[in-house]
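Written below as structure tokens is the structure these notes are about.
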Amino acid sequence: MKNIVVLVSGGGTNLQALIDAERRGEINGGKITCVISSKEGVFALERAEKAGIPTVVLPRKEYADKVSYSVALLAELQRQKADLIVLAGFMTILDSCVTKAYPFRIINVHPALIPAFCGDGFYGLKVHEKVLEYGVKVSGATIHFVNEFTDAGAVILQGVVEVLNDDTPEVLQKRIMENVEWKLLPKAVSLFCEDRITIKDGKAYVD
């Protein structure tokens with residue numbers, strides 16, 4: 001049984017999707033053993049506590065830079081014996097000391113179809129604003145591994161929704177979360193825990 005550690009910074013809707021999927025028996029070979037938050041008092045911590053999952057608060061504001069924060073986070077991940085790390089609305093960029101310690105063992109969800117609308121500065125509603133500004137007809141979400149470059153790790157799963165003419169960033173965000181993120185993130189986590197993801201030439205293949 002693999003130890004899944006989830007990193008959060010806010011409301012924790014993707015964390016809740018993982019908790020619900022685990023409760024339904026949809027995550028095979030793994031268990032959420034800890035939730036680590038970069039902020040105090042966020043609702044994601046309440047979600048974890050309600051589900052009986054141990055929590056750790058490691059406030060980003062208490063560290064001078066991302067390197068010192070990442071070193072402290074890495075120590076906590078090792079203390080928690082993390083087999084898989086899931087970024088679920090975690091708003092802190094990690095230093096390469098973490099990504100190199102856990103190659104192809106950190107999963108993130110990005111609210112667009114990588115390689116479109118991704119990279120530095122593309123997060124939260126900003127992604128959906130750019131999607132609507134550009135006028136693309138479909139958008140979605142990408143579940144991918146995390147490496148030292150923003151949104152550049154191997155793609156595991158992608159899902160698509162239609163972009164409608166009267167969409168606002170908030171409406172599109174909700175459609176993508178409900179129809180793609182909350183379904184594919186637990187699926188990708190289960191695939192990892194079942195050892196069904198193979199890496200070849202830097203790309204992820206699902207068996």
*Nearest 5 is fine: what % of DSSP beta bridges in the chain come out antiparallel, could you say?*
45 percent
*With respect to the cross-link table entries 50/137; 61/137; 50/130; 39/183, which display a Cα-Cα separation exceeding 28 Å?*
50/137; 61/137; 50/130
_Taking the 0 to 90 degree range and rounding to the nearest ten, how far is the long axis of helix 66-79 tilted relative to the main principal axis of the chain, both from C-alpha atoms?_
60 degrees
*Run a plain Debye calculation on the range 109-207 (Cα atoms as equal point scatterers, no solvent) and give log10 I(q)/I(0) at q = 0.18, 0.24 Å⁻¹, rounded to two decimals, same order as the q list.*
-0.81, -1.24
*For a label point 7 angstrom out from the Cα of residue 125 toward its Cβ, which stretches of the range 43-60 have the backbone nitrogen within less than 16 Å?*
none
*Along the range 118-133, what does the Karplus equation 6.51 cos²θ - 1.76 cosθ + 1.60 (θ = phi - 60°) give for ³J(HN,Hα), rounded to whole Hz, x for Gly and Pro?*
9, x, 4, x, 9, 8, x, 5, 4, 4, 5, 4, 5, 4, 5, 4
*Keeping the other protein chains in place, figure out the carbon and sulfur percent of the accessible area of the range 1-129, with a 1.4 Å probe.*
53 percent
*asked:* I want to check the label-to-label distance for residue 105 and residue 162. Put each point 7 Å from Cα in the C-beta direction and report it in nm to one decimal.
replied: 4.4 nm
*How much of residue 6 can a 1.4 Å solvent probe reach, expressed as accessible area in Å² and rounded to 10?*
0 Å²
*Mean separation of Cα pairs under 8 Å and 6+ residues apart, divided by the residue count of the chain: what relative contact order is that in percent?*
21 percent
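For residue 178 and residue 60 in the same chain, what is the full-extension length gain: residue separation times 0.36 nm, less their Cα-Cα distance, in nm? Please report the intermediate quantities before stating the final value.
Details: separation 118, 0.36 × 118 = 42.48 nm, distance 2.88 nm.
Net length gain for the segment: 39.6 nm.
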*Taking only protein heavy atoms and a 1.4 Å probe, what accessible area per residue, in Å², does the chain have with all protein chains in place?*
49 Å²
*In whole Å, how far is the Cα centre of the range 59-121 from that of the range 137-151?*
14 Å
*Overall Cα dimensions of the range 1-91 - principal axes, largest extent first, Å*: 41, 25, 18
*Distance from the Cα centre of the range 183-197 to that of the range 25-57, in angstrom?*
18 Å
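The values are calculated or read from the model by the stated rules, or taken from the named source; none is laboratory data. In this text the structure is predicted, and so the values were computed from the model without any measurement. Here the Cβ is made from the backbone with ideal geometry for all residues, glycine too, and neighbour counts use every protein chain on show. Accessible surface areas use protein heavy atoms only, side chains included; no ligands, DNA or RNA. Shrake-Rupley method; radii C 1.70, N 1.55, O 1.52, S 1.80 Å.
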